[in-house]
Amino acid sequence: MASSVHRIGVLLSTTGSYGRVGRSMQNGLQLAASEIAATTELQLQFECADPAGDNLRYCLEAERMLRSGIRHIIGCYTSSSRKELLPLFERYGAVLWYPAHYEGFESSDNVVYTGTAPNHHMYPLVEFMLGNAGTTAYCIGSDYIWAWESNRVFREEFSRRGGRVLHESYIPIDGTDMDECIEQILQLQPDFVCNSLIGHSSYHFFRKFRAVCEQRNIAQSTRFPVVSCNLSEADLMEIGPQASDGHLSSSVYFSSVETSENGIFVQKYCRTYPSDGLPTVEAEATYIATHLLAAALLSSASDDVMTVRRAALQHHLWAPQGEVFLDPLTYHAYLTPRMGRSTAQGSFEIVAQALRPVRPDPYLVSSTTEWMLLPIEDSGVLQT
């Protein structure tokens, strides 16, 4: 198989509301592609399309690729785009290599999930915030499936462990009218805010919330800390230095991870893409997906799509975050949960992490987090 050319589709929104995140994903893919080309005889021909965050364009571009004979596509960031594409992949017998965090409660024969399952990000978030922030929360999110399901998972686990959600608010995708929600937060006085906004809405919220708090002499990052499952270095660049520090993020990768593999990855990324800041969890997940697909193609005795997918189970990668491999039951990745606190320089200080890669649990069958907190400075994680 290694001597033939393999056409691989790439569906990443490098423009639009979450274009900066999409560009980081594209960067991760290109870094992996260059490493594969330099170290193997595998010939990969990437055919890229930019749907610009438009679900209809995702469908049109995906069907164009699938009709042309492409059977492996790396891409999608939002859950709505993934859900729109699943029937197409089932119809054409193709595989989507999905490199993004998501809300869970899905397992498809036509998807390989290299982003986080909810037990990788939501359960650690709940445990960490209960131990470091308090027992009351205000939830704000974009009005679509990612936020609905993420807030449901958060609410159920938070309540089970003694917490209370005071209110949930949903903003239209790309919406920027946050005044009412911010006033409500200040009136209800939650211990923290759980954010599942995306793109421009999220960036505007962080800036506006910080500005309103400053006008009222409130130290927002300590009095009303904001925690997210989808806040990365690319998002901090969009928020801007005036409001990017002091936020908490539950993730499996930050550019500050201290592994030798990550040191090399960050150096390559910053040298190759100097204007794009630091690598993100989405960049790493796309890097992982590309390497896993290449390894599966190399080791497959057949180019049958499902044979290639099964071959991916054989491979353990030493990714920037640490060891990564697939669960044979769900085709989700074992990943290492972490909590980070953002800095004004656009990076994250890691304040907690798991001891080892954690089994993905997309349906949240188990309540075990396999979670361990690292030592926190005496000043406290929510101190400025």
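The values are calculated or read from the model by the stated rules, or taken from the named source; none is laboratory data. Small disclaimer: the values here were computed from a predicted structure and weren't measured. In this analysis, Cβ positions are derived from the backbone assuming ideal geometry, glycine residues included, and neighbour counts consider all displayed protein chains.
Does residue 300 fit the bill of being among the hydroxyl-bearing types (Ser, Thr, Tyr) and at pLDDT below 95?
Numbers: among the hydroxyl-bearing types (Ser, Thr, Tyr): yes; at pLDDT below 95: yes.
For residue 300, the condition - among the hydroxyl-bearing types (Ser, Thr, Tyr) and at pLDDT below 95 - is met.
Pairs only if they're at least six apart or on different chains, beta carbon under 8 angstrom, first in the stretch 215-235 and over 21 Å from residue 79 (Cβ atoms), second hydrophobic (A, V, I, L, M, F, W, C) and at pLDDT below 95; list them, first residue then second.
Qualifying pairs under 8 Å: 221/382; 222/382; 225/382.
Filter the stretch 143-163 for residues that are of a type in the set (Gly, Ala, Ser) and in contact (Cβ under 8 Å) with a residue 60 or more places away in the chain and give the result.
Our first condition is that a residue be of a type in the set (Gly, Ala, Ser); within the stretch 143-163, this holds for 147, 150, 159, 162-163.
Across the stretch 143-163, the qualifying residue is only 150.
Looking at the stretch 23-82 only, could you name the residues that are in contact (Cβ under 8 Å) with a residue 60 or more places away in the chain, crowded, with 20+ Cβ neighbours inside 10 Å and in a strand (DSSP E or B)?
Result: 72, 73, 74, 75.
I'm checking my understanding of the structure. Among residues of the stretch 133-146 that are at pLDDT 95 or above and not in a loop (DSSP other than H, G, I, E, B), which one is surrounded by the fewest Cβ atoms within 10 Å (Cβ to Cβ)?
136
For residue 307, indicate whether it is crowded, with 16+ Cβ neighbours inside 10 Å and either modelled with pLDDT of 95 or more or not charged (D, E, K, R) (or both).
Numbers: crowded, with 16+ Cβ neighbours inside 10 Å: no; either modelled with pLDDT of 95 or more or not charged (D, E, K, R) (or both): yes.
Judged against the criteria, residue 307 is not a match.
Can you pull out every residue in the stretch 83-120 that is assigned to a helix (DSSP H, G or I) and either free of Cβ contacts under 8 Å to residues at least 12 places away in the same chain or not aromatic (Phe, Trp, Tyr) (or both)?
Scanning the stretch 83-120 gives 83, 84, 85, 86, 87, 88, 90, 91, 118, 119, 120.
Out of 349, 323, I need the residue that is under 18 Å from the mean Cα position of the chain (by Cα), free of Cβ contacts under 8 Å to residues at least 60 places away in the same chain and farther than 20 Å from residue 29 by Cβ. Which one?
323
With respect to residue 19, is the statement that it is modelled with pLDDT under 95 and in contact with a Ser or Thr (Cβ under 7 Å, 6 or more places away or on another chain) true? Give the derivation first.
Details: modelled with pLDDT under 95: yes; in contact with a Ser or Thr (Cβ under 7 Å, 6 or more places away or on another chain): yes.
Yes, satisfied.
Sort out which residues of the stretch 197-253 are part of a loop (DSSP other than H, G, I, E, B), over 19 Å from the mean Cα position of the chain (by Cα) and aromatic (Phe, Trp, Tyr), and write them in order of number.
224
With the checklist (1) part of a loop (DSSP other than H, G, I, E, B); (2) surrounded by 21 or more Cβ atoms within 10 Å (Cβ to Cβ); (3) more than 17 Å from the chain's Cα centre (by Cα) in hand, flag the one item residue 330 doesn't pass.
Looking at each condition in turn, residue 330 falls short on (2).
State all residues of the stretch 184-196 that are in contact (Cβ under 8 Å) with a residue 12 or more places away in the chain and either charged (D, E, K, R) or assigned to a helix (DSSP H, G or I) (or both); if no residue qualifies, say none.
The answer is 184, 185, 186, 188, 191.
Mind checking whether some residue in the stretch 85-104 is surrounded by fewer than 21 Cβ atoms within 10 Å (Cβ to Cβ) and more than 23 Å from residue 51 (Cα to Cα)?
no
One residue is enough: does the stretch 286-294 have a residue meeting the conditions over 15 Å from residue 115 (Cα atoms) and either outside the structural domain of residue 94 (by TED's automatic domain parsing) or part of a helix (DSSP H, G or I) (or both)? Let's see the steps before the verdict.
Just the residues of the stretch 286-294 that are over 15 Å from residue 115 (Cα atoms), to begin with: 294.
Now drop any that are not either outside the structural domain of residue 94 (by TED's automatic domain parsing) or part of a helix (DSSP H, G or I) (or both), which leaves 294.
Within the stretch 286-294 (the criterion being over 15 Å from residue 115 (Cα atoms) and either outside the structural domain of residue 94 (by TED's automatic domain parsing) or part of a helix (DSSP H, G or I) (or both)), the answer is yes, since at least one residue qualifies.
Working carefully through the options 193, 226, find the one that is crowded, with 22+ Cβ neighbours inside 10 Å, within 18 Å of residue 346 (Cα to Cα) and at pLDDT 95 or above. Quick ask: steps written out before the conclusion?
Numbers: 193 fails: within 18 Å of residue 346 (Cα to Cα).
Just one listed residue meets the conditions, 226.
Please enumerate the residues belonging to the stretch 254-285 that are of a type in the set (S, T, N, Q) and either surrounded by 16 or more Cβ atoms within 10 Å (Cβ to Cβ) or part of a strand (DSSP E or B) (or both). First the steps, then the outcome.
Of the stretch 254-285, the ones of a type in the set (S, T, N, Q) are 255-256, 259-260, 262, 267, 272, 275, 280.
Scanning the stretch 254-285 gives 255, 256, 262, 280.
Kindly provide the set of residues from the stretch 164-183 that are crowded, with 17+ Cβ neighbours inside 10 Å and either without any contact (Cβ under 8 Å) to a residue 12 or more places away in the chain or within 18 Å of the chain's Cα centre (by Cα) (or both), ordered by number.
Answer for the stretch 164-183, where residues must be crowded, with 17+ Cβ neighbours inside 10 Å and either without any contact (Cβ under 8 Å) to a residue 12 or more places away in the chain or within 18 Å of the chain's Cα centre (by Cα) (or both): just 173.
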